[in-house]
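The values are calculated or read from the model by the stated rules, or taken from the named source; none is laboratory data. Please read all numbers here as calculations on a predicted model, not as lab measurements. Methodologically, a virtual Cβ is constructed for each residue, glycine included, from the backbone with ideal geometry; neighbour enumeration extends over all protein chains shown.
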Amino acid sequence: MLTFILRRVLALIPLLFIVSVIVYGLILIVPGDPAITLAGGEEATNERIEEVQKELGLDRPFLVRYGEWVGNAAQLDFGRSLYSDLPITEEIAERFPKTLQIAGGALAFGLLVGIPLGIISGIRPRSVSDRAVVFITSAAIAIPTFWLALILILQLAVYRNILPSRGFVPFSESPAQWFEHMILPWITLGTLTAATIARQLRGALSDTMGSDHIRTSRSVGLPPVKVVGKHALKNSSAPVLTVVGLQIAYLLGGTVVVEQIFGIAGLGSYVLTAINRKDFPAMQGAVMFIALITVVVNLIVDISYALLNPKVRVE
Amino acid sequence: MTTPDITPTSATGPLLEVTDLSVSFTAHKQTAKVVDQVSFSVQPGKTLGIVGESGSGKTVSSLALVGLLPRTANITGSARFAGQELVGMTTRQQRQIRGNDISVIFQEPMTSLDPVFTVGNQLTGAHRNHQGGSKKDALDRAEEMLRLVGIPEPRKRLAEYPHAFSGGMRQRVMIALALINSPRLLIADEPTTALDVTIQSQILELLQELQQAMGMAILFVTHDLGVVASVCDDVSVMYAGQVVEQAGIDEFFAHPRHPYSEGLLRSMPHSVPKGERLRMIPGTVPLPSRFPTSCRFAGRCPYAQEACTADPIPLEQLDDGRVVRCVRHRELVMEARS
Ligand code: SF4
C-alpha cells in the first residue's frame, strides 16, 4: 500500500510540471501587456512602459522567467501582486479559506443529498421513487448555476427575507450568521454535485443490486440495511468516488461564479479580479494553487480507490 | 443436549413438503406461470434431485421457497418446512430462516462472493447475523468451517479476498458460508455446473461428506443426471414448469417411466455404448406463454399420439410409490440404455 501511494505521488511530478507550463504560458496568449496597464494605460510613455517592464523582469527571456517562477512556486512562493504589491501567497492564504468553506460545504450538501437520493432510486430501478429522483436530478443538472442562484435569492432573500442575499461572516465571529450566509452559496454550488452523485450512485447501485454476490448476501439472511448499506454500497462506491473527485475540481472552479454572485471575497473572485487588472503573477499564482489542490484531491481519491477495492492494491 | 430440537414432522415425516407450488410473473400485463402446481418432498438428511433443462422451472421453484425471487413473483401453494409454512411468510420471517435453517449455494462461484470484503468478514457476518456472539467466536467458527470444506491454512485465508481463491476454492468457501449456521436443508442450485470436471467430483464428494457429518438434507437442482446418479436418493423430473416424474434413484435409472426422463437418460454421455451416437432430445422447452394445455412435452415426444394433445395430463400416483405424468406410461416400456 505504501509503495502504491509513493508511486502515485511520484506520478504527480510530471503532471504538475505540465500544468505549470500551461499556467505560466497563459501570459503569452492573454492580450494586453500588464506593463502598459501599470504604466498608466493608453497615455503611458514608451520610457515609462520600458521602466515598468524592467521592474517586472519582463525584459528577460521567457524561459528564464519561467524557470525562476517555477522554482519559487515549488516552495509555494508566487511572488508579489502587481496591484497590491503584497506577497501572493499571503493573499491566497487569506482568501482560500472562504473558498474552501464554500466548496467544502457545497460538497457536503452534494453528498448529504446525493447519496440518499442515489440509494432510493438505485435499489429499485424503474419504481415510482426512482422515476421521481431521475426527474429531479435531470432538472437539477439542466439548471444553470447563476439562474438557480437568482431564483434562490429572489425566493429566500428578497421576497421572504429568510436568508441574507450576500456577504460573508467569519465563523469565529458568529457561527449562526456564518451558517446563514453560507446556505445559499452551498445550495447554489452543491445542487449540480448532488444531482451528479445521485445519478452515478443510482447507476452503480442498480447494477450491483442485480449481482450474484448480493443474492448471496440475501441468501444468508442479512437484513436490507446490511445488504444495501454494507455490501451494495461498498461495491458501488468506486464510480461515485470518481465523480466526487471530478466534482471537487468543478466546485473549486464554480466558486468563481458563486463568490461573484454572493459578494464573497474568496479565491475565485481573486482570480477574476487579477484577470481584470492584468495582474499576471496573482493570476498565475492563484490558478497554480487551485491546480495543486485539485491534483492533491485526486490523489486522495486514487488512494481511497485502492482502499475500497482489494484488486487495485494488488495490481 | 437433553431436549433434542426435533419437531414432530421432522421426526416422522418429510423435512420439506411442497404441495401445489405455483409461481407466476406478471410483466406488461401478461402473466406467465413459470412453475405450475409442483409437489415434492425432502426427507431429513436425504438428497432430492430436481432435474430438468433450463426453462423447466427447477431453479425458480427452489428459490421461491426462501424468498429469493424478484418481488414481482407471485407464489401460491404450500411449502411446509419442519412444520412451518414457507409460502406467505413475511420477509422478516424469511430472513430468519435463510442462511440459518435453509441455505443456498449457487452456480457461479466466481461471482457469488462479495469481491470487496474478506472471506472472513463474509463468513463471520453470516454467522453473527443469526447467532450473535462475539467477533472472536465467529472467527473461530469461520476457521472451523474453512477447515471443514478442505481449505488449507484456514486462519490465514480468512484475511484474504475472494479473488485470491480459485473457482473450486471459491465454491468451497461458498459451501462454508452456506453451512456455517448448520442448516437443516441446503438448496444446491447447479453448484458444480461452472466447474472443471475433476473439481466437480471433488465438490460433490465434499457435499456428501458434509451431509454425513452435519446431517442436513439437500435439494439438489441440476440438469445433469450424472450428478443426480452420484449424490441423490430421490429424483423429481421437471419439464416446462411441471413435475413429470418422481422416483427413487435406483428405480429411476433402471426404468424411467416418462418419455422425457428417457430422453434425458439417453443424452447422458456414459449411458450410450461405445460407437453409438449421443441422442439429444430435439427441440427446446417452450416459453411459459406458449405452454400447451395438454401434454407440454408432446412437441418433442417420440411417442406422442392424438390422446396426448387433447386434455391436460394428470400426475398419476402409481402403486409402487412412483409418480408419472404421461397418458401412455402403462403401455410404453422404457429403459435408460437403448
Ligand atoms: S403424454 Fe404423450 S406426448 Fe406426453 S409424454 Fe406421454 S406419450 Fe409423450
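Considering only residues that are surrounded by fewer than 21 Cβ atoms within 10 Å (Cβ to Cβ) and of a type in the set (A, V, I, L, M), look in segment B:159-177 and name the one that is nearest to the other protein chains (Cβ to nearest Cβ).
Across segment B:159-177, the extreme among qualifying residues is B:164.
Are any residues in segment B:310-331 buried (at least 16 other Cβ atoms within 10 Å of the Cβ) and either among the polar types (S, T, N, Q) or in a loop (DSSP other than H, G, I, E, B) (or both), and if so, which ones?
B:313, B:315, B:322, B:325, B:326, B:327, B:328, B:329 - these are the residues of segment B:310-331 that are buried (at least 16 other Cβ atoms within 10 Å of the Cβ) and either among the polar types (S, T, N, Q) or in a loop (DSSP other than H, G, I, E, B) (or both).
Evaluate the following for residue A:91: is it surrounded by fewer than 16 Cβ atoms within 10 Å (Cβ to Cβ), part of a helix (DSSP H, G or I) and acidic (Asp, Glu)?
Criteria not met by residue A:91.
With the structure loaded, tell me whether residue A:306 is within 14 Å of chain B (Cβ to nearest Cβ), surrounded by fewer than 19 Cβ atoms within 10 Å (Cβ to Cβ) and in a helix (DSSP H, G or I) or whether it fails that test.
yes
Do we have residue B:191 as within 11 Å of another protein chain (Cβ to nearest Cβ), crowded, with 21+ Cβ neighbours inside 10 Å and part of a loop (DSSP other than H, G, I, E, B) here?
No; evaluated as a whole, the condition is false for this residue.
Which one of B:201, B:230, B:236 is under 22 Å from residue B:254 (Cβ atoms) and surrounded by fewer than 17 Cβ atoms within 10 Å (Cβ to Cβ)?
B:230
Conditions: (1) buried (at least 19 other Cβ atoms within 10 Å of the Cβ); (2) in contact (Cβ under 8 Å) with a residue 60 or more places away in the chain; (3) within 15 Å of the chain's Cα centre (by Cα). Residue A:204 meets all but one. Number of the miss?
Evaluating residue A:204 over (1) buried (at least 19 other Cβ atoms within 10 Å of the Cβ); (2) in contact (Cβ under 8 Å) with a residue 60 or more places away in the chain; (3) within 15 Å of the chain's Cα centre (by Cα) leaves (3) as the failure.
Can you name the number of the only condition in (1) part of a helix (DSSP H, G or I); (2) more than 11 Å from chain A (Cβ to nearest Cβ); (3) in contact (Cβ under 8 Å) with a residue 40 or more places away in the chain that residue B:122 fails?
Unmet condition: (2).
Just to be sure, is residue A:233 more than 19 Å from the chain's Cα centre (by Cα), of a type outside the set (Phe, Trp, Tyr) and under 25 Å from residue A:195 (Cβ atoms)?
yes
Of (1) among the hydrophobic types (A, V, I, L, M, F, W, C); (2) outside any helix (DSSP H, G or I); (3) in contact with a Pro (Cβ under 7 Å, 6 or more places away or on another chain), residue A:157 satisfies all except one. Which?
(2)
List the residue pairs whose Cβ atoms are under 8 Å apart, where the first residue sits in segment B:290-302 and is buried (at least 17 other Cβ atoms within 10 Å of the Cβ), the second is among the basic types (Lys, Arg) and in a loop (DSSP other than H, G, I, E, B), and the two are 6 or more positions apart or on different chains.
Listed by first residue and then by second, the contacts come to B:295/B:325.
Of the residues that sit in segment B:95-117 and are crowded, with 24+ Cβ neighbours inside 10 Å and among the hydroxyl-bearing types (Ser, Thr, Tyr), which one is nearest to the other protein chains (Cβ to nearest Cβ)?
B:112
If residue B:186 meets every condition in (1) free of Cβ contacts under 8 Å to residues at least 60 places away in the same chain; (2) more than 28 Å from residue A:233 (Cβ to Cβ); (3) hydrophobic (A, V, I, L, M, F, W, C); (4) within 13 Å of chain A (Cβ to nearest Cβ) apart from one, which number is that one?
Exception for residue B:186: condition (1).
Looking only at segment A:17-36, which residues are part of a helix (DSSP H, G or I) and modelled with pLDDT under 70?
Passing the criteria: only A:34.
Out of A:222, A:233, A:241, report the one residue that is on the phi < 0 side of the Ramachandran plot, free of Cβ contacts under 8 Å to residues at least 12 places away in the same chain and within 14 Å of chain B (Cβ to nearest Cβ).
Within the list A:222, A:233, A:241, the selection yields A:222.
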